[in-house]
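The values are calculated or read from the model by the stated rules, or taken from the named source; none is laboratory data. Since the structure is predicted, the reported quantities are computational estimates derived from the model, not experimental observations. Cβ placement follows ideal geometry from the backbone for every residue including glycine, while neighbour counts extend to all protein chains displayed. Please note that ligands, DNA and RNA were not included when accessible areas were found on the heavy atoms of the full protein model with its side chains. Shrake-Rupley method; radii C 1.70, N 1.55, O 1.52, S 1.80 Å.
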Amino acid sequence: MKNLYPLLILLFLSLSIYAQSPDKMSYQAVVRDANNTLVANQTVGMQISILQSTITGTVVYTETHSVDTNLNGLVSLEIGNGSSSDNFSEIDWSAGPYFIKTETDPTGGSSYTITGTSQLMSVPFALYATTSGDGITTEQSDAIETNTAKNSMVLGATAETALAGDTPTITAVQADAIAANTAKVGYTDALVSANTDVATNTAKVGYTDALVSANTNVAANTAKVGYTDALVSANTDVAANTAKVGYTDALVSANTDVAANTAKVGLPAGGSEGQVLKIVSGVPTWADASAGGGIYYQDADGDGYGDINEIVVATSAPIGYVSNNTDCDDTDARINPDTIWYEDTDNDGYGNASISETGCVSTLTNASLDNTDCDDQDSTLTPNTVWYIAVDNDSDGYIVVNSLTQCDSPGASYSMTSPIETDCNDNNAAINPDTIWYEDADNDGYGNANLSETGCVSTLTNAILDNTDCNDSDPTINPGIMENDSDGIDNNCDGQIDELSIGQYVNGGVVFYLADTPTDLNGDGVLDTGLVCEIVDQGTANFDQADDIILNYSTDEYDDWFLPSIDQLEEMQQHYSFINTTSIANGGTAVGNTYYWSSSFARPKGWAFWLGGGGCNSCRGATERNTSNVYNIRAVRAF
């Protein structure tokens, strides 16, 4: 509530005239609210205090009032007539100065939220007279009020009646002092006596004689406007300003320094059409252009058109000058008499090439220097219009957004509004917001199915897409490891321990095929588990020699080796990396990137197979070859 009614305006304070007891003062004020609206027809509470000596001085009198504002928000009351335990008539008005403090509660109570203090600049004479030490009694004050001529009062029958039996009278000195105070509104005798500047300033407005006397610049400036002679003399920069550009004739006449500046006046008199200014012996002089060369015009923007206001006379055009003087804007090379303007009806900054105008300025609508608009009726279609299309390059159901910048739509699938991208890698169908990542703690390329995270990226350690590792703390155990048939561990994570696996070196060779069920793989009538191949080639030969070499081939342990079929060579090719690793580890050699003979025969040719992993791409797989060709041989056996 502190700021509800922040404005209280003091309108009037005066002495109420009473025949016998002038111990009251009228007080009026207007109350307004925070929006400067009158608080009308409302009861307000007020407390009035008289303070002595200063604005925060001793309280010599306090009273309270409960009054109503009128239609205009005005309250009226009499100070000295409120509720108080103090005696208003006992105030010694000669012991001033005094201040009046007002406190207001706009709600009508005693919670005063508006406070104001101001000095009583002139104590009403009747109040002062009642307590004055100059011997003027109340009765004398009453007589003074009716004594309009303010003459010294002489004791007599009339006076006795007026003074009600009092014998003191008003001396001539006292009457003169009262009469002489008629023009001193506001200042009390105490204030006047204490302030010699005020006392002597009876006829002056603004600067007092004392202030003028103390300030020579002020005293000397009684008739001058602007700089005084004293200021000019004291300021060498001002005094030395002989050029004095911009002074009026009146100022020149009044200032001898300016008047003496007759040699420093702008352009020389004279000059005719076609003449130019030349400096002759340091003096600007009008001269014919043909006298000493031609006229050239500055071409600041380099567009071939010169500025008519920037001229030189020379025997040939200096650098940056041309003989043409028709440029309309020498700061912009695009603007000259040959500038082509294009209408820009839709005000998109791109002009219509079919509506143009040539010249320094144009009358076309929104004239533009551009002529590349494709539709001057539609501001959304410009050469910089961006068209968007959603694409799914990896067909994983998630999109990315491609865009083209051109005037016309590239097709029905394009839009000016960009769709929301959902794919994070549109070149890899495996990577999208639903991709499941698996932690690969042992960094062997196989992930732990029990630690996963879904999204475009993962915070897991060595996150990968595989989840087939059965022991993610040991990089030697994963589906890519050959099973060791004697360590009691599931090395290849197939759920079996010490079983045979592709790539093992057993039964005289490298396992490259395991049958799902026992099968006769070599035609001897005995069911077999799988096939192994030798760890070295058996040389090279033609088709007929290859078969003989294998029939006669034996090792220390086995003599049942045979030449593989086309199908068996294809199985070897699928696992050639295992064959190579195991063969080399056991003292053998890798299979070559070349053809190997099979046992298959179709006269007059035999079948060969490209066994290696590189080399001739067009040679891959099985093919019929002349039996006379020489190819590699590698034996196999069943176990």
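Summary table below
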quantity: Near pairs, Cβ below 6 angstrom, 6+ apart or cross-chain, from region 467-481 (under 22 Å from Ile436 (Cα atoms)) to any residue that is among the β-branched types (Val, Ile, Thr) and buried (at least 18 other Cβ atoms within 10 Å of the Cβ); calculated: Asn471/Ile477
quantity: Condition met for Val532 (surrounded by 13 or more Cβ atoms within 10 Å (Cβ to Cβ), in contact (Cβ under 8 Å) with a residue 24 or more places away in the chain and out of contact with any strand residue (DSSP E or B) (no Cβ under 8 Å at 6 or more places or on another chain)); calculated: no
quantity: Residues located in region 352-370, provided they are open to solvent by 40 Å² or more (accessible area, probe 1.4 Å) and among the polar types (S, T, N, Q); calculated: Ser354, Ser356, Thr358, Thr363, Thr365, Asn366
quantity: Count - residues of region 446-477 that are touching a Gly at 6+ places or on another chain (Cβ under 7 Å) and outside any loop (DSSP other than H, G, I, E, B); calculated: 2
quantity: Criterion: aliphatic (A, V, I, L, M) and either touching a helix residue (DSSP H, G or I) at 6+ places or on another chain (Cβ under 7 Å) or closer than 24 Å to Glu624 by Cβ (or both) - qualifying residue of Leu521, Leu551; calculated: Leu551
quantity: Region 539-562 - residue that is among the acidic types (Asp, Glu) and assigned to a loop (DSSP other than H, G, I, E, B) and, of those, surrounded by the most Cβ atoms within 10 Å (Cβ to Cβ); calculated: Asp560
quantity: Test: residue in region 587-604 that is in a strand (DSSP E or B), open to solvent by less than 30 Å² (accessible area, probe 1.4 Å) and closer than 26 Å to Met482 by Cα; calculated: yes
quantity: Scope region 443-465; condition crowded, with 16+ Cβ neighbours inside 10 Å and under 48 Å from the mean Cα position of the chain (by Cα); matching residues; calculated: Gly447, Asn448, Leu451, Ser458, Leu460, Asn462, Ala463, Ile464
quantity: Of residues in region 310-330 being in contact with a strand residue (DSSP E or B) (Cβ under 7 Å, 6 or more places away or on another chain) and aliphatic (A, V, I, L, M), the one surrounded by the most Cβ atoms within 10 Å (Cβ to Cβ); calculated: Val322
quantity: Any chance Ala269 is open to solvent by 90 Å² or more (accessible area, probe 1.4 Å), of a type in the set (Gly, Ala, Ser), more than 22 Å from Thr331 (Cα to Cα) and at pLDDT 75 or above; calculated: yes
quantity: Meets criteria (surrounded by fewer than 18 Cβ atoms within 10 Å (Cβ to Cβ) and at pLDDT 90 or above) for Gly523; calculated: yes
quantity: Ser403 being small (Gly, Ala, Ser), part of a loop (DSSP other than H, G, I, E, B) and either on the phi < 0 side of the Ramachandran plot or touching a residue at least 40 places away in the same chain (Cβ under 8 Å) (or both); calculated: no
quantity: Residue check for Tyr27: aromatic (Phe, Trp, Tyr) and at pLDDT below 50; calculated: no
quantity: Meets criteria (in contact with a Ser or Thr (Cβ under 7 Å, 6 or more places away or on another chain) and assigned to a loop (DSSP other than H, G, I, E, B)) for Pro419; calculated: no
quantity: Top-ranked residue in region 608-637 [being β-branched (Val, Ile, Thr) and in a strand (DSSP E or B); ranked as modelled with the lowest pLDDT]; calculated: Thr623
quantity: Filter result for Ile502 (closer than 26 Å to Asp556 by Cβ, more than 60 Å from the chain's Cα centre (by Cα) and modelled with pLDDT of 90 or more); calculated: yes
quantity: Subset of region 45-78 that is assigned to a loop (DSSP other than H, G, I, E, B) and of a type in the set (Ser, Thr, Tyr) - its residue that is most open to solvent (accessible area, probe 1.4 Å); calculated: Thr56
quantity: Pair list, Cβ under 8 Å, 6 or more apart: region 537-563 residue farther than 9 Å from Ile633 by Cα, other residue open to solvent by less than 60 Å² (accessible area, probe 1.4 Å) and basic (Lys, Arg); calculated: Tyr558/Arg637; Asp560/Arg637; Trp561/Arg637; Phe562/Arg637
quantity: Subset tally (residues that are open to solvent by less than 40 Å² (accessible area, probe 1.4 Å) and closer than 12 Å to Ile340 by Cα) for region 371-394; calculated: 0
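So that you can scan it fast, the table gives a plain yes or no per residue for (1) open to solvent by 60 Å² or more (accessible area, probe 1.4 Å); (2) assigned to a loop (DSSP other than H, G, I, E, B):
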residue	(1), (2)
Pro479	no, yes
Glu483	no, yes
Phe512	no, no
Pro518	yes, no
Asp537	no, yes
